[in-house]
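Remarks on the structure that follows.
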Amino acid sequence: MERPTWDEYFSKIAKDVAERSTCTRHTFGAVIVNEKHEIVATGYNGVVRGAPHCNDKGCIKDRLGIKSGTGHEICPAVHAEMNALIQGGRLSRNCTLYVNAFPCKICARLIVNAGIVRVVVSGEYTDREGLEVLKAAGVTVSHIGQDAGCETKDVVNPNT
């Protein structure tokens with residue numbers, strides 16, 4: 001049996017973390033890992049603590065006809081990356097963040113300010129503006145195929 005690469009391993013964990021999501025549109029998960037391959041924090045998308053979950057009350061963006069990747073200010077959810085960064089705090093500095101979709105532009109700004117140096121994505125998302133934010137800040141973004149055994153490919157590498 002061939003062992004998964006670190007990127008494959010942590011990407012699979014991000015996918016498992018996403019299963020805790022309470023969003024009716026997307027299930028996103030994030031894992032922050034330090035240079036010693038230790039998990040610093042995890043996060044998934046869902047509403048703020050104590051609020052009714054969207055999978056119980058329905059999605060406001062669906063009711064208003066707001067398309068995916070837009071209307072972030074309307075949605076009551078905290079994104080997976082945000083929740084992981086809140087948990088990780090300063091321990092997130094110089095770490096890698098694994099997430100199963102492209103970070104939105106808001107999450108990308110938080111990722112940069114948290115000091116994350118690399119983002120590994122194992123899925124896609126309609127809002128690709130976050131990739132440009134990460135590139136401009138010098139954060140390396142790699143995309144790993146969702147199928148086991150796929151190579152990691154740099155999507156955004158500020159050194160090239």
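With both partners inside the chain, how many of the DSSP beta bridges are antiparallel, as a percent to the nearest 5? Mind dumping the intermediate values first?
On the way: 15 of 23 bridges.
The antiparallel fraction comes to roughly 65 percent.
Apply the Karplus parameterisation 6.51 cos²θ - 1.76 cosθ + 1.60, with θ equal to phi minus 60°, to every residue of region 72-80 and state each ³J(HN,Hα) to the nearest whole Hz, in sequence, with x for glycine and proline.
Working through the residues one at a time gives 4, 6, 7, 6, x, 7, 9, 6, 4 Hz.
For the chain, with a Gaussian network of springs between Cα atoms less than 10 Å apart, report the residue from VAL78, VAL139, VAL31 with the top mean-square fluctuation.
Result: VAL78 has the largest fluctuation of those listed.
Charges on Cβ only, +1 for Lys and Arg, -1 for Asp and Glu, centred on the Cα centroid of the chain; of GLY115, CYS59, TYR9, which one is farthest towards the dipole's positive end?
CYS59
What percentages make up the Cα-Cα pair-distance distribution of the chain when the bins are 5 Å wide from 0?
All Cα pairs considered, the percentages come to 2, 10, 19, 23, 21, 14, 8, 4, 1, 0.
Could you sort out which of LYS61/LYS135; LYS12/LYS61; LYS12/LYS36; LYS15/LYS105; LYS12/LYS57 sit more than 24 Å apart by Cα distance in this structure? Could you put the intermediate results ahead of the total?
Working: LYS61/LYS135 29 Å; LYS12/LYS61 28 Å; LYS12/LYS36 18 Å; LYS15/LYS105 21 Å; LYS12/LYS57 29 Å.
Among LYS61/LYS135; LYS12/LYS61; LYS12/LYS36; LYS15/LYS105; LYS12/LYS57, the Cα-Cα distance tops 24 Å for LYS61/LYS135; LYS12/LYS61; LYS12/LYS57.
Top to bottom by accessible area (1.4 Å), largest first, where do LEU131, LEU110, LEU64, LEU91 land? Write down the numbers at each step before the final one.
Numbers: LEU131 10, LEU110 80, LEU64 110, LEU91 130 Å².
Sorted descending by solvent-accessible area, the residues read LEU91, LEU64, LEU110, LEU131.
Given the rule -39500 (n - 2.57) for each run of at least 4 DSSP H residues, summed and divided by the residues of the chain, what is its mean residue ellipticity at 222 nm, to the nearest 500 deg cm²/dmol? Intermediate results must be reported in sequence, preceding the final value.
Numbers: 6 runs with 50 residues, N = 160.
Mean residue ellipticity at 222 nm (helix-derived): -8500 deg cm²/dmol.
The values are calculated or read from the model by the stated rules, or taken from the named source; none is laboratory data. Only a predicted model underlies this, so the values are computations on that prediction, with no experimental measurement involved. All Cβ positions, even for glycine, are placed from backbone atoms using ideal geometry, and neighbour counts span all protein chains on display. What goes into the accessible areas is simple: the full protein's heavy atoms, side chains included, and nothing from ligands, DNA or RNA. Shrake-Rupley method; radii C 1.70, N 1.55, O 1.52, S 1.80 Å.
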